[in-house]
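The values are calculated or read from the model by the stated rules, or taken from the named source; none is laboratory data. It should be emphasised that the depicted structure is a prediction, and the values quoted were computed from it without experimental measurement. Note that we place each Cβ from the backbone using ideal geometry, even for glycine, and neighbour counts take in every protein chain shown. Note: accessible area is taken over every heavy atom of the protein model, side chains too, but ligands, DNA and RNA are not part of it. Shrake-Rupley method; radii C 1.70, N 1.55, O 1.52, S 1.80 Å.
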Amino acid sequence: MTATVTATNDGLWQTICDEAQRAVASDPVFGKSLAEAVLVHDGLAAALADLIGRRLGGNAAEQTRFAAFCRDAFRRSPELLDAAGRDLQAIVRSDPASVGLLAPLLHFKGYVALQAWRVSNWLWHHEHRDAALLFHNQASNVLQVSIHPAASIGAAVYLDHATGIVIGANVVIGDEVTILQNVSIGRSNELPARSPRIGRGVFIGAGATVMGDIRIGDFAKIGAGTVVTSDVPAGCTAVGNPARLTNCPEPASAA
């Protein structure tokens, strides 16, 4: 698996570098920052570690420290880079305004917030919980995206716009999920204190709230502003407050 991941990321990185070279040729002024962010690095791991460090660190020492944590995580767990590459490709597939990989990598805060979370999650599970919470706190403060290190998130995930997203501890999110701004996913105040499980290919619209010991089935859709406190079957759309189900592939009870 490691060899396959490496080959895939090498190809992805070459595409990013090609886009950066074209951007430098068309805009020499902007090219200097592109060279510093992309072209000086030898691969996606180095560029991504540097990017996270720059975004989270408030000064040079902090930037170096965050980047060092990232490099260590990427070196020891190549699957983090595989997920990062799949996340980047998911943006291009899902966002009609994105015509390449370079702009989402450099400018989409949802992307960098998700990759910072991947490092924090790795730290959390490798007994570096203080460092994990430091990543969590800084991403929340700087990027306005709060994802607890104890959450579980798949690959090819797209945090669109991202501002105000809150994902609590022990939330489980599958592959190919899209989440828009101001979405809250977490435990309710009632027992049992278990967090939502979000299936593959789910779309969650802006301002939605998903709370409690519930399951959102594969390829379900949650409309903007919807409040979901009960299961949503696979393929259904939930809308409203409280949520009601529509467009289900087969008869289903109300959410």
Flagged pairs (Cβ under 9 angstrom, 6 or more apart or on separate chains; first in the range 25-47, free of Cβ contacts under 8 Å to residues at least 24 places away in the same chain; second surrounded by 14 or more Cβ atoms within 10 Å (Cβ to Cβ) and of a type in the set (Asp, Glu)) are Glu36/Asp50; Val40/Asp50; His41/Asp50
Could you tell me how many of the residues in the range 53-83 are in a loop (DSSP other than H, G, I, E, B) and more than 17 Å from Leu106 (Cα to Cα)? 4
Residue count for the range 150-170, restricted to those that are surrounded by fewer than 22 Cβ atoms within 10 Å (Cβ to Cβ) and more than 18 Å from Arg86 (Cβ to Cβ): 8
Checking Ala61 against (1) surrounded by fewer than 14 Cβ atoms within 10 Å (Cβ to Cβ); (2) modelled with pLDDT of 95 or more; (3) in contact with a helix residue (DSSP H, G or I) (Cβ under 8 Å, 6 or more places away or on another chain), which single condition isn't satisfied? (3)
Counting only residues that are on the phi > 0 side of the Ramachandran plot and more than 21 Å from the chain's Cα centre (by Cα), the range 195-245 contains a total of 3
Matching option when the condition is in a helix (DSSP H, G or I), hydrophobic (A, V, I, L, M, F, W, C), farther than 30 Å from Ile204 by Cβ and open to solvent by 20 Å² or more (accessible area, probe 1.4 Å), among Ala20, Ala46: Ala46
Taking the range 189-223 and keeping only residues that are small (Gly, Ala, Ser) and open to solvent by less than 40 Å² (accessible area, probe 1.4 Å), one is left with Ser195, Gly199, Gly201, Gly205, Ala206, Gly207, Ala208, Gly212, Gly217, Ala220, Gly223
Members of the range 122-150 that are free of Cβ contacts under 8 Å to residues at least 40 places away in the same chain and either under 12 Å from the mean Cα position of the chain (by Cα) or within 21 Å of Ile214 (Cα to Cα) (or both): Val145, Ser146, Ile147, His148, Pro149, Ala150
Residues of the range 23-32 being among the charged types (D, E, K, R) and open to solvent by 80 Å² or more (accessible area, probe 1.4 Å), which ones? Lys32
Considering only the range 64-91, how many residues are β-branched (Val, Ile, Thr) and open to solvent by less than 50 Å² (accessible area, probe 1.4 Å)? 1
Of the conditions (1) part of a loop (DSSP other than H, G, I, E, B); (2) in contact (Cβ under 8 Å) with a residue 60 or more places away in the chain, Thr163 satisfies every one except a single condition; which number is it? (2)
